[in-house]
Structure formats: structure tokens, C-alpha cells
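The values are calculated or read from the model by the stated rules, or taken from the named source; none is laboratory data. These numbers were taken from a predicted model, which means no experiment stands behind them. Virtual Cβ from ideal backbone geometry, glycine too; neighbours counted across all protein chains shown. In case anyone asks, the SASA skips ligands and DNA or RNA and just uses the protein heavy atoms, side chains included. Shrake-Rupley method; radii C 1.70, N 1.55, O 1.52, S 1.80 Å.
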Amino acid sequence: MQAGKPILYSYFRSSCSWRVRIALALKGIDYETVPINLIKDGGQQFSKDFQALNPMKQVPALKIDGITIHQSNLSVLKQVGEEIQLTWAQNAITSGFNALEQILQSTAGIYCVGDEVTMADLCLVPQVANAERFKVDLTPYPTISSVNKRLLVLEAFQVSHPCRQPDTPTELRA
């Protein structure tokens, strides 16, 4: 196994990549970012070089200690088809948030589960961003909204935000 700085192959807008960036920031792990643009050139994830690294052709891919770990969910949106993506995404997010809002009524403290940041929080923030991107009305989800607001002030969530990534287009930067 090789030692050295971890490398995160990432796309700025990928919620899966964002979760990994948050986790790395929370753990204080310094890493290099290699942007993989999922749109440019027909999708850079389909290049031979990236495919050799990650045969799944998805981001994120984290190369750490000689091992590459990968996971993603953009492929679902591509399978749904552009003409119904917005409706499908809104329905999926609303369904999940309806259940999550009820769960958080009994588990939330400052964050999703009590007063310590947990994996649930790493998943929540990118999904709320997805909800905003797909124009989901967050009014029915006051607990989700308030937890999200408290998480977004934490440094790990700020430095990992999609608007602050090296591959973020100028017009979307903070």
C-alpha cells in the first residue's frame, strides 16, 4: 500500500462527492481534488484514464492508502430521462423528506441525531441542496430546514460546499 495525500476525484455539484468532502473536512484529512466534469466532453468519467481508476465510471472516487473507494447516484437521474427529471426528483425528495421530518421530531437536537454531527448530517445537507436545486418547497419541513441551517455554519460544511470547489463554474461560486 502506498502512503501519501488522499486524492478525491470529484464533481463540484455531486451530492455524493459533497458527503465525502464533508467527512474529510470533519476528520481534518488534507487531500487533493481532481475534478471530473460529468458534462464536459460527453462526461469525463467515461474517459479511459478514469475508467481504469473506477470501472463504475462515477464520482466520487477516493484514492487513499493505495485503495480506491467509489459510489454515486447521478446515473439514476440519467436513467429517468430529462423530460421527467424534475418531477421525479421532486417526488423522490418529498417522499424522503416526509419520512425524515417525522423521524427528526424524535431524534434531532442541534443536529439530526442529538448534538453531535453524525453520518445523517453528512447526508442531509447535500440532499437539502438537491431539494433547492429541484425547487422542492421546504416549508413543510421545519426541522430539516433548521438542522440544515445549523450545519451550514460549520466550517467542514462550508469548505466542502459545491460553490467553493476548484471545478465550480465562475457563475456558481460563492
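So for the chain, considering every pair of alpha-carbon atoms, how many percent are separated by more than 24 Å? Value for the chain: 41 percent of Cα pairs lie more than 24 Å apart. Annotation: amide H-H contacts under 5 Å for Asn37 (H modelled 1.01 Å from N, sequence separation of 5 or more, or interchain): Gln44. Once the Cα atoms of helix 15-26 and of the chain are each reduced to a long axis, what angle between those two axes, in degrees from 0 to 90 to the nearest 10, is obtained? It works out to around 90 degrees.
Cα centroid separation, the range 119-163 to the range 75-105: 15 Å. Of the peptides 101-109, 16-24, the ranking by mean beta-carbon count within 10 Å, highest at the top, reads 16-24, 101-109. Across the range 127-139, computed HN-Hα scalar couplings (Karplus, 6.51 cos²θ - 1.76 cosθ + 1.60, θ = phi - 60°) run 6, 5, 4, 4, 4, 5, 4, 9, 6, 7, 5, 8, 3 Hz from first to last residue, x flagging Gly and Pro. The count of lysine pairs in the chain that are at least 8 places apart or cross chains, and whose C-alpha atoms lie under 14 Å apart, stands at 4.
Taking every alpha-carbon pair within the range 7-73, the share separated by more than 18 Å comes to 29 percent. The mean accessible area for residues of the range 7-73, using a 1.4 Å probe and ignoring ligands and nucleic acids, is 51 Å² per residue. Rolling a 1.4 Å probe over the protein heavy atoms gives the range 93-174 an accessible area of 54 Å² per residue. Of all DSSP bridge pairs formed entirely within the range 7-73, close to 65 percent run antiparallel.
With the convex hull of the Cα atoms taken as the outline of the range 75-158, the averaged projected area works out to 5.7 nm².
The antiparallel fraction among DSSP beta bridges confined to the chain stands at about 60%.
Helix 142-151 and the longest principal axis of the C-alpha atoms of the chain enclose an angle of approximately 50°. Solvent-accessible area of the range 7-73 (1.4 angstrom probe, protein heavy atoms only): carbon and sulfur portion equals 53 percent. Taking amide H as placed 1.01 Å from N in the peptide plane, Ala108 has its amide H under 5 Å from the amide H of Gly114, each at least 5 places away in sequence or on another chain. What part of the accessible area of the range 75-158, given as a whole %, is carbon or sulfur when the probe is 1.4 angstrom? Ligands and nucleic acids excluded, carbon and sulfur reach 56 percent.
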